[in-house]
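Have a look at the structure below before the remarks.
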Amino acid sequence: MAQTIRRGGKGVRRAAATRNTRAKVAKAKRTTGSALDRAIGALPVSEHRLHQLMLAMILGVAATAAWLVASMAGVPTMAAVQLVRLAGDAGFEVRRVEVRGVERMNELKVYEKVLAERDRAMPLVDLQRLREELLQLSWVEDARVSRQLPDTLVVDIVERSPRAVLKKPGRYVLIDAKGHELEPVKADRAKTMLTLAGPGAGRQIATLDRLLEAAPALKPQVREAEWVGNRRWNLTFRTGQVLALPQGDKESASALVAFAKLDGVNRLLGGQVAYFDMRAPDRIYLRVPGRAQQAAREAAEKAAAKAKAQAAED
């Protein structure tokens, strides 16, 4: 019986090679798929968030292409409007505001500035203008405004730190270490903080801090500092006693250090002396309440006794 042999058919080796190739391809697909799944799972975002980011990228590419085409056609304004509309339709508009770094100031003042952008498309939010408006708030030393897609504005605030209270006619104002006025305060709060008085005292707070650093032991005992004649300080301690310092940074620091040494030896603070005058370079003048009246009484008594003695002799 005749047998027909087909030309070109696969041999046993070729068929086995084909099966091996298919097995390797299937294994590679499974390995690649699992590796991709693991990579996606390792990302620090949710799957929903990842889809939003991918959508933002796609919309961004599409919007850029549309804008380029429109610009080439001579209609950039229409392209910008279309870009904003496209972003808004995709949910990229201000829905939430997140404020960080606020501890002492009234947080509502920040929201009042930022919530004006609510429901506005993200591309239309002027971050630099917002930052400049926030810097106008008395408590804000620095600010940063950023977009957190798709719908959140994040505001990071750096607050000023209160340093002292400035006494003004009829009121008290909280100030920072640079003399920047923060907000009015009540007299009760002013009693718990260092108080500055005198014309121009707020601008001299850095000078005062350097002076007090010369005598650290006395610094927490100073209740009030008066800037006198725009040239020197009178310090009032928590005991109510006053120390008059000389003019000049070096001279006043030296006098304060000398007073601190005297107080350490003789316990001047808390004593009978109400006023210490160290404006003279080589001496200190003391004023004791009632001492003048007492001296006058003693002088009168001596004069009366002398007159009586003379009368008896006569």
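The values are calculated or read from the model by the stated rules, or taken from the named source; none is laboratory data. The shown structure was predicted, so the numbers you read here are calculated from the model rather than taken from an experiment. For neighbour counting, all protein chains shown are included, and Cβ atoms are generated from backbone atoms with ideal geometry for every residue, glycine included. The protein model used for the area step is the full one, side chains on, heavy atoms only, and it has no ligands, DNA or RNA in it. Shrake-Rupley method; radii C 1.70, N 1.55, O 1.52, S 1.80 Å.
At a glance:
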| item | result |
| --- | --- |
| Evaluation of Ser254 against (1) small (Gly, Ala, Ser); (2) crowded, with 18+ Cβ neighbours inside 10 Å; (3) over 20 Å from Lys168 (Cα atoms) (one fails), failing number | (2) |
| In the stretch 116-134, the residues that are out of contact with any strand residue (DSSP E or B) (no Cβ under 6 Å at 6 or more places or on another chain) and in a helix (DSSP H, G or I) | Ala116, Glu117, Pro123, Leu124, Gln128, Arg129, Glu132, Glu133 |
| Selected residue (only one of Ala225, Ala215, Ala255 is small (Gly, Ala, Ser), under 23 Å from Gly270 (Cα atoms) and in a strand (DSSP E or B)) | Ala225 |
| Output for the stretch 93-115, where each listed residue is open to solvent by less than 40 Å² (accessible area, probe 1.4 Å) and outside any loop (DSSP other than H, G, I, E, B) | Glu93, Val97, Val99, Val110, Val114 |
| Conditions (1) more than 20 Å from Pro289 (Cβ to Cβ); (2) open to solvent by 40 Å² or more (accessible area, probe 1.4 Å); number of the one not met by Val222 | (2) |
| Lone unmet requirement of (1) open to solvent by less than 60 Å² (accessible area, probe 1.4 Å); (2) within 20 Å of Gln148 (Cα to Cα); (3) modelled with pLDDT of 70 or more for Pro123 | (1) |
| Which listed residue is modelled with pLDDT of 95 or more and among the basic types (Lys, Arg), from Arg232, Arg267 | Arg232 |
| Residues that are loosely packed, with under 15 Cβ neighbours inside 10 Å, touching a Ser or Thr at 6+ places or on another chain (Cβ under 9 Å) and not in a loop (DSSP other than H, G, I, E, B), drawn from the stretch 157-201 | Glu181, Glu183 |
| Where Ala244 falls short, out of the listed (1) touching a strand residue (DSSP E or B) at 6+ places or on another chain (Cβ under 7 Å); (2) within 27 Å of Leu182 (Cβ to Cβ) | (2) |
| Some residue of the stretch 142-152 being open to solvent by 70 Å² or more (accessible area, probe 1.4 Å) and either closer than 30 Å to Glu226 by Cα or among the aromatic types (Phe, Trp, Tyr) (or both) | no |
